[in-house]
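Every read-out reported here was derived from the displayed coordinates using simple, explicitly stated rules and does not represent laboratory data. Bear in mind the structure is a predicted one, so any value in this text is a computation, not a measurement. Glycine gets a Cβ as well: all are built from the backbone with ideal geometry, and neighbour counts include every protein chain shown.
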Amino acid sequence: MRAKGAVDYDPLSSTPGDPPGLRATLRQPMIGGVPALGNALLERVLVAIRSARPGMKFRARAVIEAVLLSKGPIGSARKVARELGLTNRFQLARMLENEGLPPLHRLTEWVTVLSWIESAEQKRVSLCWMAFRSHRHPSACYRLVKKVTGHGWEEVVGKGSAWALQQFLKELRAWTARTKPQHPASRQLPPVAARGRRGRGPSRLRLS
């Protein structure tokens, strides 16, 4: 039963409002120790990250899971840092960097786009429809897709969710190689993103 005055939070919305926050977001059902994301593509993202980073510290893992559960935004970097017990957003940025992870805003952008792609494939809805439903301007959504993937929406949907997942994991691998995480328990990403790995050194990926 919904509490009086309760408000639904739509992670795709650009309207003013405060996302539920990291702690509230993590109070979600768990299945086999994995948050019930309700999105097959995002569940694959979580499994891939966990497999590649088994030694990830609790705070970084909490951020990853919260972003995936929200399918995007979980609040400002300042707010997330405070909920994690960190002094400021700069400590949050350093924590993620030390774990070989991209900044919070980049993680949020990727997860948002991946959730759109999954919805387009599973529900057969257009990006324009999702934008209007979440009170977000369609042009802003199209620009975000282009910024994150380097391709237009129609092309991204044509390439499919498997391609999008590979691109995300490729970027994650580049961040891992670039930042050299402090903990030793780091392994290669799963085969879904490992093609072409052999014989190549760490490289920077161009982020569009």
Quiz prompt | Two-site FRET efficiency, Arg50 against Tyr142, from Cβ-Cβ distance with R₀ of 25 Å, rounded to 0.05 | solution = 0.20
Quiz item: Which pairs break 29 Å Cα to Cα here: Lys57/Lys170; Lys71/Lys159; Lys123/Lys170; Lys57/Lys146; Lys79/Lys123?
Solution: Lys57/Lys146; Lys79/Lys123
Quiz item: Net charge near Cys128, counting Lys/Arg +1 and Asp/Glu -1 over other residues with Cβ under 14 Å of its Cβ?
Solution: +4
Quiz item: By the scheme Lys and Arg +1, Asp and Glu -1, what is the net charge of all other residues having a beta-carbon under 13 Å from that of Ala93?
Solution: +3
Quiz item: Which order do Ser161, Ser126 fall in if you start with the one that has the fewest other Cβ atoms within 10 Å?
Solution: Ser126, Ser161
Quiz prompt | Efficiency of FRET between Glu154 and Gln91 - r from beta-carbon atoms, R0 25 angstrom, step 0.05 | solution = 0.05
Practice problem: Report the local net charge at Arg61: Lys and Arg +1, Asp and Glu -1, summed over other residues whose C-beta lies under 12 Å from its C-beta. | Solution: +2
Quiz item: So what J values fall out for segment 53-59 if you push phi through Karplus, 6.51 cos²θ - 1.76 cosθ + 1.60 with θ = phi - 60°, rounded to Hz, Gly and Pro as x?
Solution: 10, x, x, 4, 6, 4, 4
